[in-house]
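Only one structure is covered here, and it is reproduced in the block below.
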Amino acid sequence: MTSDLDDICNRLEAISEELADLAITALREAVDAGSEALPAHEKRITRARRAVDKAAHLLAERDETA
């Protein structure tokens, strides 16, 4: 089961990186468009990334204590 959790943790970390890239792209597009406010979808993407990071951390933590 540990290898399964490691695999899921690795995939979550990759998803987190993809979400971070999407958030940066959203911010860059907003700046390029002259917006001074943060785009709402960037906030959602960042919240989702944090949740994914938390899930990856919880899985890694469980793996360390097992």
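Nothing in this text is a laboratory measurement; each read-out follows from the coordinates by a stated rule. None of the values given here were measured: they were computed from a predicted structure. No Cβ is skipped: glycine too gets one built from the backbone with ideal geometry, and neighbour counts run over all protein chains shown.
Some observations on this one:
- Percent of Cα pairs exceeding the 19 Å cut-off, where the set is the chain: 43 percent
- Counting neighbouring beta carbons within 10 Å and listing from fewest to most, the residues SER3, SER16 come out as SER3, SER16.
- When you restrict to C-alpha pairs under 8 Å that are six or more residues apart and normalise by the size of the chain, the relative contact order lands at 50 percent.
- Local charge for ALA48 was computed over the other residues whose Cβ lies under 12 Å away, with Lys and Arg +1 and Asp and Glu -1, and equals +3.
- Arranged from fewest to most other beta-carbon atoms within 10 Å of their beta carbon, GLU42, GLU17 become GLU17, GLU42.
- Rounded to the nearest 0.05, the FRET efficiency derived from the C-beta distance between ARG11 and ARG50 at R0 = 25 Å is 0.90.
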